[in-house]
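A short write-up of the structure that comes next.
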Amino acid sequence: LSSHFLITYLIPKLRRGMQVVFTKEELTSDDKLNKSAYQVWEDRTFPFHYEKRFTLLEGGIVQSGVQEIVKIANKYSDKPLNKINVLDIGSGRGEYSREMSKFFGEIIGVEPYEDVYKFCLEHTPKKYKNLSFSNTRVEDFQSKRKFNLIVMLTVFEHMPNPKKSFDNIFKLLKKNGIVYLTSPNKYW
């Protein structure tokens, strides 16, 4: 365990697990998804609870992760970065949202845990004009806006109802929008 911690501390990129990137394309009537093909997930309570004390991640870890997101956005989007609006699902303490706000247009962070959400608001300076946060679960998040990029960093494993969450995620995603998600790996 100590060696795994040391390795991931020295090489932050190893903290990332699987990375999945996909885009939403317009579906024709022949391509409509068959609802019966989905596994129906039972609604569960959140299995994970944050402690009351929070610490912010080191800048190098956050910067490294955001640089990956920037590379993916440049590769798969035809829009300039400052015109891309981002939905950061499971934004946690806001470190990644704040870092992404340096590159992208509008950023909205969605965080379901109230204590973490409050911590995030307290530690986000007013200078971040293109950044806002919402205290809700992604399956309940509503917006008239559609997003060019939806980011989920090690969130999938915490979703109590992934089917319902992804149904809403796809409603919030613009045509040719990008979903970027990661999940933990064995080193983390």
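The values are calculated or read from the model by the stated rules, or taken from the named source; none is laboratory data. Bear in mind that the values here come from a model prediction, so they are computed numbers and not experimental data. Quick reminder, even Gly has a Cβ in these numbers, built from the backbone with ideal geometry, and neighbours come from all protein chains shown. With ligands, DNA and RNA removed, areas are computed over all heavy atoms of the protein, side chains included. Shrake-Rupley method; radii C 1.70, N 1.55, O 1.52, S 1.80 Å.
Brief remarks on what is shown
- Applied to the stretch 103-112, the Karplus parametrisation 6.51 cos²θ - 1.76 cosθ + 1.60 on θ = phi - 60° returns per-residue 3J(HN,Hα) values of 10, 9, x, 7, 10, 10, x, 10, 9, x Hz, with x for Gly and Pro.
- Accessible area per residue (1.4 Å probe, heavy atoms of protein chains only) ranks Thr124, Thr154, Thr182 as Thr154, Thr124, Thr182, with the largest value leading.
- The length gained on full extension between Tyr128 and Gln142, counted as 0.36 nm times the residue separation minus their Cα-Cα distance, comes to 2.8 nm.
- Greater than 20 Å apart at Cα, pairs in Lys71/Lys127; Lys71/Lys164; Lys75/Lys174; Lys71/Lys118; Lys83/Lys174; Lys83/Lys146: Lys71/Lys127; Lys71/Lys164; Lys71/Lys118
- Computed about the Cα centre, the dipole magnitude for the stretch 101-188 is approximately 500 debye when only Lys and Arg (+1) and Asp and Glu (-1) carry charge, each at its Cβ.
- Expressed as a whole percent, the accessible surface of the stretch 97-156 that belongs to carbon and sulfur atoms is 49, based on a 1.4 Å probe.
- Coil-residue trypsin sites (Lys or Arg not before Pro) of the stretch 56-111, DSSP, other Cβ within 10 Å capped at 15: Lys102
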